Every structure is written in C-alpha cells, then in structure tokens.
C-alpha cells in the first residue's frame, strides 16, 4: 500500500513484494487474507484488541484504525507493541 494516495483497497498481506507480471512473463505471489499475520506498524502505539487499518504514513505499514475515516480496517492487534516493529494481528480481509 503506498504511503501517500492509495491506488486501491488492501487485499491481503504478502511476505515479500510480488513482481509485476506482463502478457509474456507470468508472476505469482502468496497473499494472506485471514488469521494470524505479522505486519509492520507505523509510528503508533497499539493496545491488544485495537483495530488497525491502512493507509498509514509509512508505506506497507498499518496504523490505528478510526471509524468514519478514509482508512480501511484490516484486523485486530493480538499483542501490545511499540511503533515501527512487526506486530501480530488477527487479519480479517
């Protein structure tokens, strides 16, 4: 997910960036959509059970989700964590 203007909705979490395919070169990548997932946190502090969403100010990271915003909820935090670390979430896309 871009850090600035999103180009679409989040569809899952990949363990690495997938290469773009073309009409002559096929590309594949595994994307997780539900369950326990490790995701990068932005500059926020997360409490267990709080909802997280995208976009944040950091490319590829989640932030604290607030209803009635332009963010998309992607899951719930499973462990309290400091900012800019990988955190465990219950992914629900």
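Observations on the model:
- Test: residue in the stretch 55-67 that is more than 14 Å from the chain's Cα centre (by Cα) and surrounded by fewer than 15 Cβ atoms within 10 Å (Cβ to Cβ): yes
- Members of the stretch 10-43 that are farther than 15 Å from residue 88 by Cβ and in contact with a strand residue (DSSP E or B) (Cβ under 6 Å, 6 or more places away or on another chain): 10, 12, 14, 29, 31, 42
- One residue stands out among those in the stretch 21-31 that are surrounded by 11 or more Cβ atoms within 10 Å (Cβ to Cβ) and modelled with pLDDT under 85: the one that is farthest from residue 77 (Cα to Cα), which is 21.
- Residue count, the stretch 55-88 (criterion: assigned to a loop (DSSP other than H, G, I, E, B) and either without any contact (Cβ under 8 Å) to a residue 24 or more places away in the chain or more than 17 Å from residue 34 (Cβ to Cβ) (or both)): 19
- Residue check, residue 56 closer than 20 Å to residue 7 by Cα and in contact with a strand residue (DSSP E or B) (Cβ under 9 Å, 6 or more places away or on another chain): yes
- Per-region count, the stretch 72-93, residues crowded, with 20+ Cβ neighbours inside 10 Å and over 16 Å from residue 12 (Cβ atoms): 2
- Scan of the stretch 32-49 for residues that are farther than 15 Å from residue 15 by Cα and buried (at least 16 other Cβ atoms within 10 Å of the Cβ), ordered by number: 42, 44, 46
- Of the criteria (1) within 14 Å of the chain's Cα centre (by Cα); (2) surrounded by 12 or more Cβ atoms within 10 Å (Cβ to Cβ); (3) assigned to a loop (DSSP other than H, G, I, E, B), which one residue 18 fails: (1)
- Check on residue 52, in contact (Cβ under 8 Å) with a residue 60 or more places away in the chain and crowded, with 17+ Cβ neighbours inside 10 Å: no
The values are calculated or read from the model by the stated rules, or taken from the named source; none is laboratory data. Values in this document were obtained by computation on a predicted structure and should not be read as measured data. Ideal geometry is used to build each Cβ from the backbone, glycine not excepted, and the neighbour counts take in all protein chains shown.
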